[in-house]
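Comments concern the structure below.
Each reported figure results from applying straightforward, stated rules to the coordinates on display, with no laboratory input. In this text the structure is predicted, and so the values were computed from the model without any measurement. Every residue, glycine among them, receives a Cβ derived from its backbone with ideal geometry; neighbour counts consider all protein chains shown.
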Amino acid sequence: MTLAATAQQTQGFLSTSGVEITFVLVGLVTLGAALVTVTTRQLVHAALWLVVALGGLAVEYLLLTAEFIAWVQVLIYVGSVVVLLLFGLMLTKAPIGRSPDADSGNRPVALAVALTAAVALVWVVVDAFRTTWIDLDGAVQGSTEVTGAVLFRHWVLPFEALSVLLLAALVGAIVLSRKKEQER
Amino acid sequence: MHLAYPAVLAALLFCVGLYGVLARRNAILVLMSVELMLNAVNLNLVAFDVWLRDTLHAGQALTLFTIAIAAAEIGIGLAIVLMVHRNQGTSDVDRLRDTAEGPDTPEAPDASDERREPTDEKTEAAA
């Protein structure tokens, strides 16, 4: 508690800077879009609300000065993953409009588990990082220059391994979705 | 910025994704919820990387790797869902009970035999 008091003197418990207000507002939009994504009964609307949630997260990355990650998020998630999901919905003949069986029977159990996890996680996180502040005023932490230098200087080997993994996933997806010989 | 804001947002997003994974019936909606959970982890990684001012930027590098692995995961996952939909005619995760044990175990071999018959006929026709 004394730590919190000293921190309050230097920083102010809720230092309402513009970045924080924007972060909270965009966070609320993101969270609301995520909630609609997992609760709506219209399958295509779920994919479109997922775009809002992922785009909101890209804005949060920008506010945390990680701009390269923000653009990667927009390119890969909003650009390709959602398109893939929409194609998947289309190819599995997902019904347009409300489908009454979008949620399975264990919905109350899922709600209980999620609420318990949310309460526990938020409690622990708030208790642990009550007196911690991110200093966003210094040098930009995630500009393209910094990320590129770090990625190709210190993380080259994982990067190359990842490209092999992507190739394997590509080949696997093609093999899985190819029709068998006698079905042609 | 207070570190609790991104951390709490990430925790809540993760729990929303957890609810979606457990409560949804369509396999593609389950995949969407998995994406939400992965994004919550990414937000945590970025926030803690910016807080720690890591010289190697391990958090941001790991975020990029997570995004790439998520892209691979969604590709493979959708291929599997499409294959299951083609073979079984449904992509609802709680109707895929071929390997389930329980009270309907004696009926399971008959069901699989019935379903296998058309492909056998097709093989014979092709032969």
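Between the Cα long axis of helix A:18-39 and the first principal axis of chain A there is an angle of about 30°, rounded to the nearest 10. A simple spin-label model places the labels of A:Val44 and A:Asp135 5.1 nm from each other, with each point 7 Å out along Cα-to-Cβ.
Of A:Val113, A:Val52, A:Val36, the residue with the greatest mean-square motion in the GNM of chain A, using alpha carbon springs below 10 Å, is A:Val113. In terms of its Cα atoms, the stretch B:4-96 spans 51, 23, 11 Å along the principal axes, sorted from long to short. Using θ = phi - 60° in the Karplus curve 6.51 cos²θ - 1.76 cosθ + 1.60, the 3J(HN,Hα) couplings for the stretch B:71-81 round to 5, 4, 5, 5, x, 5, x, 5, 4, 5, 5 Hz; x is entered for Gly and Pro.
Only the Cβ atoms of Lys and Arg (+1) and of Asp and Glu (-1) were treated as charged; on that basis the dipole of the protein assembly as shown about its Cα centre amounts to roughly 500 debye. Modelled spin labels at A:Leu75 and A:Val175, positioned 7 Å past Cα toward Cβ, are 2.9 nm from each other.
Close amide H pairs (under 5 Å, H built 1.01 Å from N) link A:Trp133 with B:Leu3, residues at least 5 positions away or on another chain. Values of log10 I(q)/I(0) for the stretch A:15-106 across q = 0.12, 0.15, 0.22 Å⁻¹ run -0.45, -0.65, -1.06, by the Debye formula with one identical scatterer at each alpha carbon and no solvent. Out of A:Ala169, A:Ala53, A:Ala120, any idea which swings most in a Gaussian network model of chain A, alpha carbons joined below 10 Å? Highest fluctuation among the options: A:Ala169. Over 31 Å apart: what share of the alpha carbon pairs of chain A falls there, rounded to a whole percent? Above the 31 Å cut-off, chain A has 41 percent of its Cα pairs.
Remark on the protein assembly as shown: ratio of C-alpha radius of gyration to 2.2 N^0.38 Å is 1.16. Close amide H pairs (under 5 Å, H built 1.01 Å from N) link A:Ala102 with no residue at least 5 positions away or on another chain.
Take every residue in peptide A:40-46, count the Cβ atoms of other chains within 10 Å of its Cβ, and give the average of those counts.
Mean shielding by partner chains, rounded to a whole number: 2.
What FRET efficiency comes out for the pair B:Asn87/A:Ile96, r = Cβ-Cβ distance, R0 = 22 Å, nearest 0.05? Approximately 0.40, to the nearest 0.05.
When the Gaussian network model of chain A links Cα atoms closer than 10 Å, the mean-square fluctuations of A:Gly97, A:Gly79, A:Gly105 top out at A:Gly105.
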